[in-house]
Structures are given as C-alpha cells and as structure tokens.
C-alpha cells in the first residue's frame with residue numbers, strides 16, 4: 001500500500017497526531033499528569049467493534065479507542081479492573097521478581113522498559129504492564 005500525504009512518520013495511515021516526545025522524570029507525580037494533560041473522558045473516542053471506519057479514524061487521530069460491542073459482560077470488566085488495581089498496587093520489589101526475562105517474555109514490564117526510539121535519543125516509553 002502506498003503512503004498518503006497525511007500519513008504519519010512511521011507509515012501509519014491517516015493524519016499523524018503523535019505528540020512530540022518530552023522528557024519526564026521517571027517516578028515523578030508529573031508523569032500521569034503529562035500523559036493525560038490533553039485528555040478527558042469525553043475526548044476518548046468510543047467505537048463499536050463492527051465499525052471498521054470508526055476504528056481506523058480513532059487509531060489514526062488519537063492512537064487508541066474505547067470499544068463497545070465486544071461481548072464482554074460488565075461484571076467481568078469490573079472484576080478485571082479490581083484485579084488490575086490490586087496487581088499494580090503490589091510493591092515494586094515483588095513486581096520485579098515477576099519481571100519479563102529474555103528466555104520467557106512473560107511477566108511484569110517495568111516503567112520505562114521499552115525504548116523503541118533509543119537510536120535517536122528519545123526517552124523510554126512511560127509504560128508499565130504485565131504480559
């Protein structure tokens with residue numbers, strides 16, 4: 001597929017609205033504020049999974065979307081949220097004991113583990129998760 005005039009720098013289709021990278025101190029209270037500064041619940045697109053054009057537009061403009069029409073029951077979502085809140089509330093030492101390993105890429109992914117743009121000196125991603 002060819003690139004269009006509005007395609008982003010990484011070849012993503014549609015308008016590139018990626019924010020310029022800014023260094024934010026790891027572990028600072030400002031990380032969450034920085035990441036969410038421009039967002040509110042009303043600015044996050046909510047798209048039905050059956051709406052492929054809506055999904056493409058959401059991913060091209062904001063990079064993500066809240067989805068509906070996924071078939072997951074509300075009670076299951078509430079239970080999963082409770083588990084995730086409890087999981088990320090565990091102290092850092094315990095999470096590090098469950099960290100991803102080179103031979104088994106499953107487990108805790110610490111904040112700033114991913115550095116996809118290390119070649120150009122950009123800061124690591126402000127991401128923490130379990131895989």
Worksheet item: If you wrap segment 72-131's Cα atoms in a convex hull and average its projection over all directions, what's the area in nm²?
Response: 5.6
Item to complete: Using R₀ = 41 Å, calculate the FRET efficiency as 1/(1 + (r/R₀)^6) where r is the Cβ-Cβ separation of residue 83 and residue 115; round to 0.05.
Response: 0.90
Worksheet item: Of 95, 131, how do they rank once you tally other Cβ atoms within 10 Å and put the fewest first?
Response: 131, 95
Discussion item. Within a 10 angstrom radius of the beta carbon, how do 105, 130 rank from fewest other beta carbons to most?
Written reply: 105, 130
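Give me 76, 128 ranked fewest to most by other Cβ atoms within 10 Å of their Cβ, as a rough exposure proxy. Walk me through the numbers on the way to the answer.
Working: 76 10, 128 15.
So the ranking, lowest neighbour count to highest, is 76, 128.
Grab the Cα-Cα distance for residue 92 and residue 76, subtract it from 0.36 nm times how many residues apart they are, and report the gain in nm with one decimal. Mind showing how you got there, number by number?
On the way: separation 16, 0.36 × 16 = 5.76 nm, distance 2.68 nm.
Gain in length upon complete extension: 3.1 nm.
Since every read-out is calculated from the coordinates, none of them should be taken as a lab result. For clarity, every value in this text was computed on a predicted model and none was experimentally measured. Cβ coordinates were reconstructed from backbone atoms using ideal geometry, including for glycine residues, and neighbour counts include every protein chain displayed.
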